[in-house]
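Notes for the one structure printed next.
The values are calculated or read from the model by the stated rules, or taken from the named source; none is laboratory data. If you're wondering where the values come from, they're calculated on a predicted model, not measured in any experiment. A quick note on method: Cβ atoms are made from the backbone with ideal geometry, for glycine too, and the neighbour counts reach across all protein chains shown. What goes into the accessible areas is simple: the full protein's heavy atoms, side chains included, and nothing from ligands, DNA or RNA. Shrake-Rupley method; radii C 1.70, N 1.55, O 1.52, S 1.80 Å.
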Amino acid sequence: LKEGLQKAKEAYEGSRRATQLLETALADLHQERLTSANQMVAEACRIDPDNPRVPDVMERLPSALSDRDRATAAAARMEQARVLSATGNFEEALGVLTEVEQRYPGTPGLPELKQAVERGREEQRQRARREAGFQAVRASLNAGDLAAALRQLDQLQPEFTSDPEHRSLRQEVQAALERRRTEERVAQSLAKARELHNRNDLDTAIRSLEG
């Protein structure tokens, strides 16, 4: 019971302290002391995140940002997007830029950066399509399914027709097809020769093999 009372007391003290901090934050907002207001709200959230006044005060913060602070915040988020883009995390980068677009409309350089990130995402997706597509062709080729390999190459052709790997794989498949046709012709000739031999028609059997 004593432990429960102690916890209740600590929770009460925390809630009271958070409320005081939020009152201070509102006063700072009124005086345009934005850095201090942000610090007060952050501390209140740490002490008592369930305080019912937290959402109201936090909602006022973005609208109270000065032009300078808005520009600073937008620049920081755009730099974060650049870092994410540079490491290949294009979806996350676009998420950050969408947030900047919504919270800080008209930010200089935002449309150009967003376009660059979108291009990077498309290039990344194209590389993934290329790798997956050519791997599938090689798998079909190794399995001897030449018809499937040709179909896959045809599907890849519109996007990768000038890709050296596409040309190389097509040549490989065509060479394999030619070898298979040759093997089939040889097998047919041998089968015919055996049939003629079994009928003692040796001359015709020899001629069929020579042909």
* To do: Would you work out if region 1-131 is rounded, prolate or oblate? Take a ≥ b ≥ c from the square roots of the eigenvalues of the alpha-carbon gyration tensor; rounded if a/c is under 1.5, else prolate when a/b is larger than b/c, oblate otherwise.
  => oblate
* Asked: What percent does the relative contact order of region 84-194 come to when contacts are Cα pairs within less than 8 Å and at least six residues apart?
  -> 18
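Give me the accessible area per residue for region 92-151, probe 1.4 Å, as a whole number in Å². Walk me through the intermediate numbers first.
Numbers: 3570 Å² over 60 residues.
Each residue of region 92-151 exposes 59 Å² on average to a 1.4 Å probe.
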* Under the definition of Cα pairs under 8 Å and six or more residues apart, what whole-number percent is the relative contact order of region 6-79? -> 30
* Could you grab the relative contact order for region 75-137? Cα pairs under 8 Å, six or more apart, rounded to a whole percent. => 31
* Structure fact -> At R0 = 41 Å the Cβ-Cβ FRET efficiency linking Gln115 and Arg60, nearest 0.05, sits at 0.75
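Which length gain, in nm to one decimal place, applies between Thr182 and Glu43 when the Cα-Cα distance is subtracted from 0.36 nm times their residue separation? Please list the in-between numbers first.
Values: separation 139, 0.36 × 139 = 50.04 nm, distance 8.03 nm.
Answer, rounded to one decimal: 42.0 nm.
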* To do: For Arg33 paired with Arg82, estimate the spin-label separation in nm (one decimal), with each label point 7 Å from Cα along the Cα-to-Cβ line.
  => 3.4
* Asked: Largest first, how would Lys114, Lys7 line up by accessible area (1.4 Å probe)?
  -> Lys7, Lys114
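Using 1/(1 + (r/R0)^6) with R0 = 35 angstrom and r between the beta carbons of Gln157 and Ala75, what's the FRET efficiency to the nearest 0.05?
Details: r = 44 Å, r/R0 = 1.27.
So the FRET efficiency works out to roughly 0.20.
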* Asked: How many nm is it between the label spots at Arg167 and Lys7, if each spot is 7 Å from the Cα in line with the beta carbon?
  -> 7.4
